[in-house]
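The values are calculated or read from the model by the stated rules, or taken from the named source; none is laboratory data. Bear in mind that the values here come from a model prediction, so they are computed numbers and not experimental data. Neighbour counts run over all protein chains shown; Cβ positions are idealised from the backbone, glycine included.
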Amino acid sequence: MAAYVSREGTFGTIDAITYVPMTRADRRRRGFNQARLLAEGIGRRLGVPVDSVLAKARETPPQAGLPAVDRRANLRGAFRLVRSGQGRILLVDDIYTTGSTVAECAHALKAGGYKEVFALTVARA
């Protein structure tokens, strides 16, 4: 992914990279946050800082199996900004299905002062 972003210059100049956060309970259960691991690898390759600027504000039922309209409602207000910023930020997630997760995170990032939010995912379901 990092090679693609670097080679293609898809997003232009990125000031920071962040990732879709998990709740503490989900992270404990899984043992890692796959989006964070991806973001850190991309950040190292591109020489761009990875910053944890989002938090998952509340537990949500798993998105898998929910219809699109329920996915949007499930995540509404689920993410909050923990540190405001500015400039252009890249949001990394593992899977893009309906775009609900990316949209909610981007909304929080924009409300926190980021001028432009770009999203990068490993797969599209």
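Some notes on this structure:
- Qualifying residue in the stretch 66-77 (condition: closer than 19 Å to residue 33 by Cα and at pLDDT 85 or above): no
- Any chance residue 36 is at pLDDT 85 or above and more than 22 Å from residue 99 (Cα to Cα): no
- Flag: residue 46 matches the condition of being at pLDDT 80 or above, over 24 Å from residue 111 (Cβ atoms) and not hydroxyl-bearing (Ser, Thr, Tyr).
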